[in-house]
Each structure stands twice: as structure tokens, then as C-alpha cells.
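Below is one structure; the comments refer to it alone.
The values are calculated or read from the model by the stated rules, or taken from the named source; none is laboratory data. Every value quoted in this text rests on a predicted model; they were computed, and no experiment measured them. Every residue, glycine as well, gets a Cβ built from its backbone with ideal geometry; the counts of neighbours run over all protein chains shown. We work out accessible area using only protein heavy atoms, side chains counted, and drop any ligands, DNA or RNA first. Shrake-Rupley method; radii C 1.70, N 1.55, O 1.52, S 1.80 Å.
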Amino acid sequence: MHTTIGIIGAGPAGLLLARLLHRAGIDSVVLEARDRSYVEHRQRAGILEQTTVDALRAVGAGERMDREGLVHDGIELRFGGRAHRIGFPGPTGGRSVMLYAQTEVVKDLIALQLTEGGPLLFGAQVHSVAQADGARPTVRYTRESRESTLTCDYVVGCDGFHGVTRNAIPAAVLRTYERTYPYSWLGVLAEAPPVYEELIYAHSERGFALASMRSPSVSRLYLQVPNGTDPVDWSDARIWDELDARLAIGRAPGWKLARGPITTKAVLPMRSHVTEPMRHERVFLAGDAAHIVPPTGAKGLNLAVADVLVLGEAFTELHRTGSTALLDAYSDTGLERVWRAEHFSYFMTTTLHVDPDQSTFDTRLQLSQLARLAASPHAAAELAHNYVGAPIGRGLPRD
Ligand code: RFL
Ligand code: PHB
């Protein structure tokens, strides 16, 4: 089999890229190791930047999102015995974010791809990408116990952090930058109404907590836990008690969350990771295949979308005019945004979590930074700009 663009991975990056290419009249094949149901039900991100929302609408994947998604115009910070709201539209020229789960984005894009798009093969496990330097890079994969080969004009690795496409970039060219954090998140879904109408990010001496949501009757909640935590050690009652304790900051005595059955529990490690360059000859990396951020800034999914918007435009320009100028600029364009998001995610993570080795001095610095966000419109505007994300363009805006 031959195709113009071979896409490895049917997460948000691979699926949106396939959709963008289809609309530009460019052939692609998507190879996904897992089955459809697994991909559609993997619990992950929840916050879509305005640019992500606009992109989904532009490719015809916005109808259900606009019906069921919840527009959020701010977040609440809880710290040092008080609560402070950071509003988004004011400082950002009217921008906001949308709460619409990654599971739903993926379901919408898969449905479109299967009815209108090119081939999307589930259960296709890619082993290797070879001949990145040649005219036709080759993807080897196994599906239903059969080994197959897909040759492509270009390959895009949208295969996440544990993907194989990165191996196609020679070691002499590849650079990686990494940081692991000394804590993880315990993430749960609960059949309980949202704690509050907006997301709450809480800095507590017991550790960080985040209260998010999936619908008017389903909460998505996170607790900072030590690395190596086994979710089995966290009973439902223990989780609710800990959420009560960490989120009660600034509330009246006796304040408690409305409880309900917890339906999923998982521990997620927190890491930052960047691979450079994001392109080698005819092989490109996009999304988590190229970079990971800790989820505190809600950037992972949005960065994946930003990558493929730039890449989709670059392939479209190549298709229309024969120019590789945008493809050649892809890695540099992408990395500027990636490093901004890396810094913001690091900032949110280290400002809100308790490092097990943290001194009282470090805690006072965190509280001072949080107080600055509450007191200064400039500091709040900086957070708001980063949270809603920069529009896609040539470079980041100079706001
Ligand atoms: P994905 O979504 O990981 O998709 C990659 C796809 O590639 C497939 N794949 C292969 N297919 C064929 N052959 C191979 N050899 C393959 N190897 C892998 C995989 O099965 C998968 O379908 O990457 P993409 O598209 O770049 O999207 C990125 C986002 O998924 C990611 O940035 C965010 O979800 C990060 N993230 C979170 N971000 C947030 O903002 N908030 C969160 O709460 C949040 N929770 C999470 C997360 C990431 C997690 N991972 C990756 C461990 C929770 C988890 C568990
Ligand atoms: C989520 O709703 O899953 C979510 C929201 C904001 C974050 C991380 C996760 O920063």
C-alpha cells in the first residue's frame, strides 16, 4: 500500500491531521495500534483552548462540542486561606476556553474519518519507520497477525510518548530535554455534580487538588499523590475526605463536597519532555510523540492540535504550490510554542504542588507568587494569556 501521508496514531493529533488533509484533497492512511473502543474511552484532558475549538469547528467537528461543551471564562485559585478568580476574556481580548473531554473530541473525529475520510486502521501496530532520508519512507506494521508495509511520501508520527516514530530520527541528530516531578496525580471520575461552576486549582499544605468536570452530573477530580502510589490504596471515602480537606480553603467551616460513586481511578506520572527537532527529512513528529507537559496547565491536547494545524497548512501549501517553505519551518515554528507551554506547565505545576523536599522558605515563595496573581492585573493577565493559549500564526504574539 502507498499513500501520500502516513499517519501513525489515532489520538487527537493523528485524527485531526487526517481530517485537515482530507479537506485539502491530500491522501492519508492512519495506523492505530489499539481498537476503536479503547481509543474512544481513554480518560485524559478536558480543556480546549479557543484555537482548538475554532479548529474543530472549521473541520466540521464542532457540532456536538458546541451543544455539550461548557465555555469557561476563568479559573479559581485557592491558597493561603482564600479563593481568587482569574478571569480570561478581559485581559485576552475576549478569549476563553471550552470544557469538552478529549474522549468526546476523539469520538467526533473518528466518526467523521470513518464516514468521509481515508483509511483508518485500528489494531495496526507499527514496528518501525525506515528510510526517513529516502524518497519513500516505509512503515512496517502488524494487523490481524499479518505483517504489512505502507510506503509514503511523508510520515507523521502522532504515536504519543511511547511511540516508535521518534526512533526514525538518527541519534546523532536527536536531542531530548526532560524533567520528572517528584509527585503524581490520582485522577478520578465521579458521578457527582461539579464542585463549582469553574475549575478550582488548590494549593494546600496537604498537596495540590484540582476540581474539574465532564458534565452537569459528572466530576473529574485530581489529587497530588506520591510517585509510585497504587490507586488500590485509595478507597472512595479516602479520596472524598482528602478532596474535602484540600479544597475547603477559603470556605466556611464544615464545607464539604457532594459525594457520588467513583467510576474510574488512575495514577498519572508528571513529566516534561521535549524532542528536537520535530522533523527529520521526510518524517515529522506531532503531539505527545514530540513533547509532554505535566497536565497542570491543561496544554497537552492543545499543543498536539497546534502542531497539526501548522503541519496541515504546510502540507496544503506543498500540495497547492509545490513549496516546502512551511514544511521546512515546521520544527522551529512548533518548538517556539512548545517551549512556551513547557514553561507555563512547569510554572503552574511547581507553584501549586508540594515537593516532598520543599522547605518552609519554598512554600512562602509559592504563596507570595499566588498572592501576586491575586493582587496584580499584570500577573493575572500573564496567566490568562498562557491558559487560553496563543492563536496560531507566524511566531507567538508579542502581547
Ligand atoms: P495520544 O493521544 O497519546 O495518541 C497517540 C496514539 O498513538 C497510538 N500508538 C500507536 N499506533 C500504532 N503503532 C504504534 N507503535 C503506536 N504507538 C502508539 C496510541 O495507541 C494512541 O492512540 O497522543 P496525541 O494525539 O499527541 O494527543 C496528545 C494528548 O493525548 C495528550 O497531550 C493529553 O491527553 C495529555 N494528558 C492530559 N492533558 C491535559 O491537558 N489534561 C489531562 O488531564 C491529561 N491527562 C494526559 C492525561 C496524558 C496521559 N498519558 C499520555 C499517559 C492522562 C494520561 C494518562
Ligand atoms: C481535566 O478536566 O481533565 C483537566 C482540566 C484542567 C487541567 C488538567 C485536566 O489542568
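Loop only by DSSP, 11 or fewer other Cβ within 10 Å of the Cβ. Give me the trypsin sites (Lys or Arg not before Pro) in region 193-241 that pass, ordered by residue number.
Working: sites: Arg206, Arg214, Arg220, Arg238; in loops: Arg206.
Answer in residue order: no site qualifies.
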Can you tell me the order of 182-190, 88-96, 258-266, 281-289 when each peptide is scored by its average per-residue count of other Cβ atoms within 10 angstrom, highest first?
-> 281-289, 182-190, 88-96, 258-266
Based on the alpha-carbon gyration tensor of region 276-347 and its eigenvalue square roots a ≥ b ≥ c, which shape applies: rounded if a/c is under 1.5, prolate if not and a/b is larger than b/c, or oblate?
-> prolate
Distances over 17 Å make up what percent of all Cα-Cα pairs in region 168-235?
-> 57 percent
At 0.692 mPa s and 37 °C, Stokes D of the chain from Kirkwood alpha-carbon radius, µm² per second | 150 µm²/s
Gained length - Ser145 relative to Val232, 0.36 nm times residue gap less alpha-carbon distance | 27.8 nm
Would you mind telling me the share, in percent, of accessible area of region 171-312 contributed by carbon and sulfur at probe 1.4 angstrom?
-> 52 percent
What's the percent breakdown of Cα-Cα distances in region 244-399 across 10 Å bins, shortest bin first?
-> 9, 28, 29, 20, 10, 3, 0
For the chain, dividing by residue count, accessible area per residue (probe 1.4 Å) in Å² works out to 42 Å²
Solvent-accessible area, 1.4 Å probe, carbon plus sulfur percent, for region 43-134 | 49 percent
If the chain between His273 and Arg206 were fully extended at 0.36 nm per residue, the gain over the current Cα-Cα distance would be 21.4 nm
Mind jotting down the distance between the C-alpha centroids of region 114-167 and region 267-344, whole Å?
-> 18 Å
By how many degrees, 0 to 90 and rounded to 10, does the Cα axis of helix 377-388 deviate from the longest principal axis of the chain?
-> 40 degrees
For region 1-109, what is the charge dipole size about the Cα centre, in debye to the nearest 20, if Lys and Arg each add +1 at the Cβ and Asp and Glu each add -1 at the Cβ?
-> 280 debye
Counting only backbone N atoms under 16 Å from a point 7 Å out along Cα-to-Cβ of Leu70, the residues of region 208-252 in range are 210-222
Pseudo-spin-label distance Ser37 to Met1, built 7 Å along Cα→Cβ, given in nm, is 2.3 nm
Just check region 116-258 against the gyration tensor rule for me: Cα atoms, a ≥ b ≥ c as the square roots of the eigenvalues, rounded for a/c under 1.5, and otherwise prolate or oblate depending on whether a/b exceeds b/c.
-> prolate
log₁₀ I(q)/I(0) of region 61-136 at q = 0.11, 0.18 Å⁻¹, via Debye over equal Cα point scatterers, no solvent, to two decimals?
-> -0.60, -0.89
With the 8 Å Cα cutoff and a minimum separation of six or more residues, the chain has a relative contact order in percent of 20 percent
